[in-house]
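S.K.: Take this structure first; my questions come after.
The values are calculated or read from the model by the stated rules, or taken from the named source; none is laboratory data. Worth saying up front: this structure is predicted, and the values here are computed from it rather than measured. Virtual Cβ from ideal backbone geometry, glycine too; neighbours counted across all protein chains shown.
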Amino acid sequence: MTKIRFLHRGEIREIHDPDPNLTVLRWLRENEGLTGTKEGCAEGDCGACTVVLGSLDAEDQLIYRAVNSCILLLPVLDGKQLIAIEDIGTPDDLHPVQDAMVASHGSQCGFCTPGFVASLFAEYHAEAPATDQRALAQSLAGNLCRCTGYRPILDAGLAALKTAGKDKFQARRADTISQLKAIERAGTLTTNYGGRSYSAPQTIEDLAALFEASPDAKLLAGGTDIGLEITKGRRSLDTIIYTGMVRDLTEVTTNETAITIGAAAPYTDAVPALTKDFPEASELFSRLGAVQVRNLGTLGGNIANASPIGDTPPVLIALSADLVLRQGKNERQIAIETFFTDYRQTVLRPGEFIARIIVPRRNQANLYGFYKLTKRFDQDISAVCGGFCLTVRDDVVTEARLAFGGMAATPKRGHTAEKMLIGQPWNGASADLAATALGDDFTPLSDFRASADYRRLSAQNLLRRFWLDTDPARDAQPTGVLDYV
Amino acid sequence: MGIVSVGQSVPRHEDPRLLRGEGRYTADIALDRQVYGYTVRSPHAHARITGIDRTAAAAAPGVLTVLIGADYAADGLGEIPVMLSPAPGFDKDAAIIPPRLALATDKVRMVGDGVAFIVAETLNQAKNAADLLEIEYQLLDAVTDTGASAQPGASLVWEGQTDNRAFTYSLGDPQATQAAFASADKIVSARIEMQRLAVASLEGRTAIANFDQATGKVTFYVPVQGAFATRVGVAKGIFDMDPEDVRIITGDIGGSFGLKSFTPEMALTLWAAKRLGRPVKWVNERQDSLLSDHQGRGKISQAELALDANGKFLGLRVTTTASLGAYFSQMGMMHTTLSTSGLVGVYDIATAYVTINGYFSNAAPTGPYRGAGRPDASYVIERLIDIAAAETGIDRLELRRRNLIPASAMPYKTALGPTYDSGDFAKNMETALTGIDAAEFESRRAAAAEKGKLLGLGIANNIENAGAPGMEFADISFDQNGVATLAAGTTDHGQGHATLYSQIMSERLGIDPEEIVVREGDTDLLADGRGTGGSRVSAMGSGAVMAAVDVTIVNATKIAAHQLETAEADISFDAGLFQVRGTDRTLSLREVVTASFLPDGVPQGMEPGLSGEGIYKGSAANFPNGCHAVEVEIDRETGRAALTRYVASHDVGRVLNPLLVNGQVTGGIAQSVGQALLEAVVYDPSDGQLLSGSFLDYCMPRASDFCHIDVIDNPTPTSANPLGAKGVGEVGAACAVPAVVNAVMDALSPFGVTHLDTPLTSAKLWRAMQ
């Protein structure tokens, strides 16, 4: 028998061999009777189920992050602190964000409210809490409200964030850190629940050995997709190996030549390293899910999922990223564009997994552009996604990488269009030529997200937009960035 | 907290509880021995059910019962109630009201139509059993589109009819209107479509039914806007029971906006609980909500305005095709007909004639959604005026000014029936224009153009009926500790009734709000109640509380007189103190309460304790009104429309609590911004499948979609109710749709575009600019 251990309501909770298919939301509501956390959509769109996870970073600093409990599996809590709405304020002592919500009339029917409070609480403890409405609206993009029109919530948030980091959780920080240290696990966690096993190794060697021994296991990273398989697909996942505790897989490092991102590092950790070198990708990454999804989801998960509309593969293909794949004791390094073989098919062999992603540092001779086309700005799945990189020397394109998602069964480069650009100056006429050539590269499908014609035309227009964004004569800000008030 | 009064910005009492996650919504309840119901829904928009084999499903693990429509009919249970009091002069007998049982029997008529109800020990067991249920369908042609359903030759939703029309309702004077149009110098016309919308309250529809086997009584936990109407529906509509044996408890309600009324799943939950002798819990999950909840709007109006050479409005003629969906929702056709009179708006229009045709289609039922016809009406007239301005060359503000009903004309009887008692519409408009700095708009437009942006200014007026006629109920009772409990017949789904009612009681009785407990949504609390809807609480709910306060004071005066050994007539009451006139002999309310529980504390014939039952009857509607001014910026390259300035000037009569009023107005605006720019329920016209089936695909606004919304009060007094308040729940929503659309159309005016139907998505605007 094994116990998972996590910090909840000031105490270390121990649960013997929990059902690994049970979500934290259901555990809170049904097992614990803590019904403050709500289910609004059960698929990570509405944020009513938001809770906060506390964990220690590499420097043993305590970090708080908002996540969707409706797609979070219970054993993932092992070693972490769980903060749900019941824990944030007490009847006699509302949390500052709750006080501000009362003052601003930030709650009406109250159903989305616990989720907003949890999101605001995490923002309250962020390294750099939002100081303006636009930034805060971005932090709350994963929370839907139908009553208030958001303005009172934003007002409340901004008022409370002025005193950020001065609550009882901050006062207890040292204690919380020592409690979390006390439940740190030395080796692999393995639980068994009626034939369902869950393993959370800590080292890449252990992960590799485990996965090689049971190649049919489901690798769980952020769980933003797998959580839905369980809750919506009603699939029973009997063997789960969680990658989120593997130190080598969660590290993000930058050296002179490359940015190396552990496959299980959540977007929240991975993206800053990428956007520091490639600020052109900032908007795309800020629209990848919402905060709650980016706090769980990982680059490795997005790549391994091999969806044709995943947002990160076109970016990484354009950036000439490599993947390091690991199987047992063996590692091999491949170009990411060779990873995808067919619709949801990859080169991964049984027991093999993505260990890390290696992205070459910015080349100042290159032009970069990354675009995500969706029906709405926040929290939407791409109809078309584009990642572009051109090397321009002496006013001539010497290398071109034009990668698209949503245009074929896999994320894919437009080689014909790329060839059209080589040797050409980079200008509007070349962009038009390349755009036309994309017609030979792709035969997109029609589905409910977009028609084939729309996809073809908008992919072509993304190239034209890329020219406009990189046109040195143009003084305007990048077209992809929208003005907010 | 101290004594508070009406008009103060009192923060909400209910907030700390809700902010701590202590709200108690129906899905939060877990009863002993409860089991879970799951509705198996039709995957087809229109099909004949040719066979159902439930053998495998019934044998699946944990399954307790698999119920189908034939069982419901065999058990002799009633049809889902439909209210048929939609509007003055509506001919019920000429309308086609198809029967709706809780499950489809012979045919399914929409995607999401209930076909079976499976109850199991766990929800997943019920869902797994649903996969094993074999249902054979013979597919039929389907029509989901509002316009297409009204076309001759459209496939029929209900057999035996010649077309899909359910009713025709007319209002106004056809001859006079025809004459006005004949004499007009100018007639403008437009086809204006309002798309279907998902209500999408964050809490979905939910129910838990628990029959007491010994007594036969049922406790039904269900979030509904009308607890007492639901009780009647359960007792007399579905079963044949004594209403006293039915207790409805709504608990906290996570938003409703018109949605939460009597629906088939409620009957299923009750029926299954009765059959099984165990509590049955049913929670509509999000995808099922988007499929099966009633939807808002869904109307196409052909509207014409007749003007003379000076731009004076002479007459208005509107013919509307209203989509009903496959069935009537509980409120029947009310949402398509009731607020039709708002079409003449705040304008002096001598004559008008309106015809509404309701049509069935193979789509989810439509029903009330924030405004329930009010936004539809103001949208038509305010769009039409902007189109008239463009066609006549008269400035749109000037055109409005020439036709506004002046404040001096009050009371003003409109061509479509209602008599406005008060309002200063010119002041509303000038306030909004000043607030948005309309004078400097053209220079802002020019500055935006230099950045490649198109700036547009939109303005729209609105007036609507709210409150009365009707009744409402409230009871006050004190306990021995002096705590006053108010039981109200209204229900709260976010409006903040507890705060408002406490303000009234605190001011009138001189007691601290912390010594007041407000309870709603429980039929065991008081004799009757009419619920919440149609912006009625500020007038009717408050009126009932005022009445209960009055009765309480009368009763307390009797006790005080008894205690002070004087005649009631000699006692005055002020600020919580009873005083024998002209003396210094006093008793506080608290002392009266204490005395009321003592032996001989009350006069002979009175029950011990202090209480007061209030019944309020209101006959005169009130007319909240307003003017919104909106600035929208459109990106020429992407077509995205972003709000940049928003000023809402409104007249809700006496402002009872500015914080709550502001919240209602702003929230209503936000929903309508969603309608104007983003949201649409979309069915695939080829097969009737719902394409907007998740929050991923149904695009509700998020925090980043708004600019600051400036709400300015411009009250004019009304005598329609004791507090002088007007309705506030819908006025923001009603004004925002035309204001935002007018702003977008103003921005697009360089392209010669006069009208686009909502939602004005980036793609639609981009296309319009090419």
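S.K.: Give the residue that is surrounded by the fewest Cβ atoms within 10 Å (Cβ to Cβ), with candidates limited to residues of the range B:646-676 that are in a strand (DSSP E or B) and among the hydroxyl-bearing types (Ser, Thr, Tyr). Break it down stepwise before answering.
M.R.: So in the range B:646-676, the residues in a strand (DSSP E or B) come out as B:646-651, B:653.
Retained after the next criterion (residues that are among the hydroxyl-bearing types (Ser, Thr, Tyr)): B:646, B:649.
Working: B:Tyr646: 29, B:Ser649: 26.
Only one residue tops the list, namely B:Ser649.
S.K.: Right, next: Would you kindly identify the strands (runs of 3 or more DSSP E) lying entirely within the range A:36-153 that contain at least 1 residues that are out of contact with any Leu (no Cβ under 9 Å at 6 or more places or on another chain)? Talk me through it step by step, then tell me what you get.
M.R.: Details: elements: A:50-56, A:62-68, A:81-83.
Counting at least 1 such residues, we get A:50-56.
S.K.: If you don't mind, there's one more thing I want to ask. Can you pull out every residue in the range B:488-504 that is more than 11 Å from chain A (Cβ to nearest Cβ), among the polar types (S, T, N, Q) and part of a helix (DSSP H, G or I)?
M.R.: In the first step, residues of the range B:488-504 are kept if they are more than 11 Å from chain A (Cβ to nearest Cβ); the result is B:488-491, B:497-498, B:500-504.
Cutting the leftovers down to among the polar types (S, T, N, Q) gives us B:490-491, B:502-503.
If the condition is that a residue be more than 11 Å from chain A (Cβ to nearest Cβ), among the polar types (S, T, N, Q) and part of a helix (DSSP H, G or I), then B:Ser502, B:Gln503 are the ones that fit.
S.K.: Which of the residues spanning the range B:712-770 are hydroxyl-bearing (Ser, Thr, Tyr), part of a loop (DSSP other than H, G, I, E, B) and touching a strand residue (DSSP E or B) at 6+ places or on another chain (Cβ under 9 Å)?
M.R.: Residues of the range B:712-770 that are hydroxyl-bearing (Ser, Thr, Tyr), as a first pass: B:716, B:718-719, B:749, B:754, B:758, B:761-762.
Retained after the next criterion (residues that are part of a loop (DSSP other than H, G, I, E, B)): B:716, B:718-719, B:754, B:758, B:761.
Those that are hydroxyl-bearing (Ser, Thr, Tyr), part of a loop (DSSP other than H, G, I, E, B) and touching a strand residue (DSSP E or B) at 6+ places or on another chain (Cβ under 9 Å): B:Thr716, B:Thr718, B:Thr754, B:Thr758, B:Thr761.
S.K.: Still on this model: Between A:Thr191, A:Thr203, which is within 30 Å of A:Lys329 (Cα to Cα) and in contact with a Pro (Cβ under 7 Å, 6 or more places away or on another chain)? Before the answer, list the steps.
M.R.: Details: A:Thr203 fails: in contact with a Pro (Cβ under 7 Å, 6 or more places away or on another chain).
Exactly one residue qualifies, and that residue is A:Thr191.
S.K.: Still on this structure: Out of all the residues in the range B:480-518, which are farther than 25 Å from B:Phe623 by Cα and either out of contact with any strand residue (DSSP E or B) (no Cβ under 9 Å at 6 or more places or on another chain) or without any contact (Cβ under 8 Å) to a residue 24 or more places away in the chain (or both)?
M.R.: B:Gln480, B:Asn481, B:Gly482, B:Glu507, B:Arg508, B:Asp512, B:Pro513, B:Glu514, listed by residue number.
S.K.: Additional query: Looking for whichever is touching a residue at least 40 places away in the same chain (Cβ under 8 Å), surrounded by fewer than 24 Cβ atoms within 10 Å (Cβ to Cβ), within 8 Å of chain B (Cβ to nearest Cβ) and among the polar types (S, T, N, Q) here; the options are A:Gln108, A:Gln138. Which one fits?
M.R.: On the way: A:Gln108 fails: surrounded by fewer than 24 Cβ atoms within 10 Å (Cβ to Cβ).
Only one candidate passes the filter, namely A:Gln138.
S.K.: So A:Lys162 clears everything in (1) touching a residue at least 12 places away in the same chain (Cβ under 8 Å); (2) of a type outside the set (Phe, Trp, Tyr); (3) surrounded by fewer than 14 Cβ atoms within 10 Å (Cβ to Cβ) except one condition, right? Which one?
M.R.: A:Lys162 satisfies all of (1) touching a residue at least 12 places away in the same chain (Cβ under 8 Å); (2) of a type outside the set (Phe, Trp, Tyr); (3) surrounded by fewer than 14 Cβ atoms within 10 Å (Cβ to Cβ) except (1).
S.K.: Still on this structure: Can you pull out every residue in the range A:28-60 that is in contact (Cβ under 8 Å) with a residue 40 or more places away in the chain, away from chain B (no Cβ under 11 Å) and surrounded by fewer than 22 Cβ atoms within 10 Å (Cβ to Cβ)?
M.R.: A:Ser55, A:Leu56, A:Ala58, A:Asp60
S.K.: Right, here's the next one. Quick one: in the range B:700-711, which of the residues that are outside any loop (DSSP other than H, G, I, E, B) and touching a Ser or Thr at 6+ places or on another chain (Cβ under 7 Å) is nearest to the other protein chains (Cβ to nearest Cβ)?
M.R.: Filtering the range B:700-711 for residues outside any loop (DSSP other than H, G, I, E, B) gives B:703-705, B:709-711.
Imposing the further condition that a residue be touching a Ser or Thr at 6+ places or on another chain (Cβ under 7 Å) reduces the set to B:709, B:711.
Values: B:Ile709: 6, B:Val711: 10 Å.
Selected residue: B:Ile709.
S.K.: Given (1) among the aromatic types (Phe, Trp, Tyr); (2) assigned to a helix (DSSP H, G or I); (3) closer than 30 Å to B:Val537 by Cα, where does B:Phe257 come up short, assuming only one miss?
M.R.: Among (1) among the aromatic types (Phe, Trp, Tyr); (2) assigned to a helix (DSSP H, G or I); (3) closer than 30 Å to B:Val537 by Cα, the lone unmet condition for B:Phe257 is (2).
S.K.: Name the pairs whose Cβ atoms lie under 6 Å apart, with the first residue in the range B:278-292 and charged (D, E, K, R), the second at pLDDT below 95, and 6 or more positions between them or separate chains?
M.R.: B:Arg286/A:Cys41
S.K.: Now, a different point. Looking at the range B:503-511, is at least one residue crowded, with 24+ Cβ neighbours inside 10 Å, touching a helix residue (DSSP H, G or I) at 6+ places or on another chain (Cβ under 9 Å) and farther than 27 Å from B:Gly423 by Cβ? Before the answer, list the steps.
M.R.: We begin by selecting, within the range B:503-511, every residue crowded, with 24+ Cβ neighbours inside 10 Å; these are B:503-506.
Imposing the further condition that a residue be touching a helix residue (DSSP H, G or I) at 6+ places or on another chain (Cβ under 9 Å) reduces the set to B:503-506.
Next, only the ones that are farther than 27 Å from B:Gly423 by Cβ stay: B:505-506.
Taking every residue of the range B:503-511 in turn, at least one turns out to be crowded, with 24+ Cβ neighbours inside 10 Å, touching a helix residue (DSSP H, G or I) at 6+ places or on another chain (Cβ under 9 Å) and farther than 27 Å from B:Gly423 by Cβ.
S.K.: Let me ask something else about it. Of the conditions (1) closer than 30 Å to A:Val252 by Cβ; (2) away from chain B (no Cβ under 14 Å); (3) in contact (Cβ under 8 Å) with a residue 40 or more places away in the chain; (4) not hydroxyl-bearing (Ser, Thr, Tyr), A:Asp17 clears all except one; give me its number.
M.R.: (1)
S.K.: Can we say A:Ile240 is under 20 Å from A:Gly194 (Cβ atoms), β-branched (Val, Ile, Thr) and either at pLDDT 95 or above or buried (at least 16 other Cβ atoms within 10 Å of the Cβ) (or both)?
M.R.: Values: under 20 Å from A:Gly194 (Cβ atoms): yes; β-branched (Val, Ile, Thr): yes; either at pLDDT 95 or above or buried (at least 16 other Cβ atoms within 10 Å of the Cβ) (or both): yes.
So A:Ile240 fits the description; yes.
S.K.: Condition check: under 30 Å from B:Val711 (Cα atoms), within 14 Å of another protein chain (Cβ to nearest Cβ) and part of a helix (DSSP H, G or I). Does A:Leu228 satisfy that?
M.R.: Values: under 30 Å from B:Val711 (Cα atoms): no; within 14 Å of another protein chain (Cβ to nearest Cβ): yes; part of a helix (DSSP H, G or I): yes.
So A:Leu228 fails the test.
S.K.: Tell me whether the range A:145-158 contains one or more residues that are aliphatic (A, V, I, L, M) and away from chain B (no Cβ under 14 Å). Give the steps one after another, and end with the answer.
M.R.: Initial filter on the range A:145-158 (aliphatic (A, V, I, L, M)): A:153-154, A:156, A:158.
Of the ones still in play, those that are also away from chain B (no Cβ under 14 Å) are none.
Within the range A:145-158, none of the residues are aliphatic (A, V, I, L, M) and away from chain B (no Cβ under 14 Å).
S.K.: Answer with yes or no whether A:Thr254 is within 30 Å of A:Ser446 (Cβ to Cβ) and surrounded by fewer than 18 Cβ atoms within 10 Å (Cβ to Cβ).
M.R.: Working: within 30 Å of A:Ser446 (Cβ to Cβ): no; surrounded by fewer than 18 Cβ atoms within 10 Å (Cβ to Cβ): yes.
No; evaluated as a whole, the condition is false for this residue.
S.K.: Within the range B:1-77, considering only helices (runs of 4 or more DSSP H) that don't extend past its boundaries, which have at least 3 residues that are within 14 Å of chain A (Cβ to nearest Cβ)?
M.R.: Details: elements: B:15-19, B:55-59, B:69-74.
By residue number, B:15-19.
S.K.: Another question, then. Could you please give the count of residues in the range B:615-640 that are among the small types (Gly, Ala, Ser), more than 23 Å from B:Ser542 (Cβ to Cβ) and at pLDDT below 95?
M.R.: From the range B:615-640, those among the small types (Gly, Ala, Ser) are B:618-621, B:626, B:629, B:639; that's our starting set.
Subsequent filtering for residues that are more than 23 Å from B:Ser542 (Cβ to Cβ) retains B:629, B:639.
If we keep only those that are at pLDDT below 95 as well, we get B:639.
So the count comes out to 1.
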